[in-house]
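Worksheet: the structure to be examined is printed underneath.
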Amino acid sequence: MKSLEELKKLKETAGKEMELRDSNKRYRVLVGMGTCGIAAGARPVLNRLVEEAAKHDYPCVVSQTGCIGLCKYEPIVEVFDREGDKTTYVYVDAEKAAAIFDSHILHNKVAEEYTLDAEERKGK
């Protein structure tokens, strides 16, 4: 660790992981809300995910994060399960967010067609 800022970030990450593990929530959903994400349309994505969570009595924790570092794929949504496994969804809009929520959060099935892996396979 090189700075107090790194320590604070580590504490925040660990706290979120413990929150997920200690709650009855199966997933933690993060929306990249750095300037790149906001410019690409992340705000409606975040709003839609929060609406879906509210409609279904909050089966997950939905929150925002800064830049995820994959700017060309924005808006980005990351879904973490209790074990810490991550699925990264790219080029997400409000409609895709609702589909991802239904498939992944409600029915425990990754929406493969919207993942980073699927997008990278298209590029090859």
(request) Can you work out which of the residues in the range 63-79 that are at pLDDT below 95 and of a type in the set (A, V, I, L, M, F, W, C) is farthest from Ala111 (Cα to Cα)? (result) Cys67
(request) Could you please give the count of residues in the range 52-94 that are over 12 Å from Ala42 (Cβ atoms), outside any strand (DSSP E or B), in contact (Cβ under 8 Å) with a residue 12 or more places away in the chain and out of contact with any Leu (no Cβ under 8 Å at 6 or more places or on another chain)? (result) 4
(request) Could you please find all residues in the range 102-124 being touching a residue at least 60 places away in the same chain (Cβ under 8 Å) and either outside any helix (DSSP H, G or I) or touching a helix residue (DSSP H, G or I) at 6+ places or on another chain (Cβ under 6 Å) (or both)? (result) Asn108
(request) Please state which of the following conditions Gly66 fails to meet, knowing it meets all the rest: (1) small (Gly, Ala, Ser); (2) within 13 Å of the chain's Cα centre (by Cα); (3) surrounded by 14 or more Cβ atoms within 10 Å (Cβ to Cβ). (result) (3)
(request) Answer yes or no: is there a residue in the range 36-48 that is among the β-branched types (Val, Ile, Thr), outside any helix (DSSP H, G or I) and crowded, with 19+ Cβ neighbours inside 10 Å. (result) no
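The values are calculated or read from the model by the stated rules, or taken from the named source; none is laboratory data. Since we're looking at a predicted model, the values are computed, not measured. For neighbour counting, all protein chains shown are included, and Cβ atoms are generated from backbone atoms with ideal geometry for every residue, glycine included.
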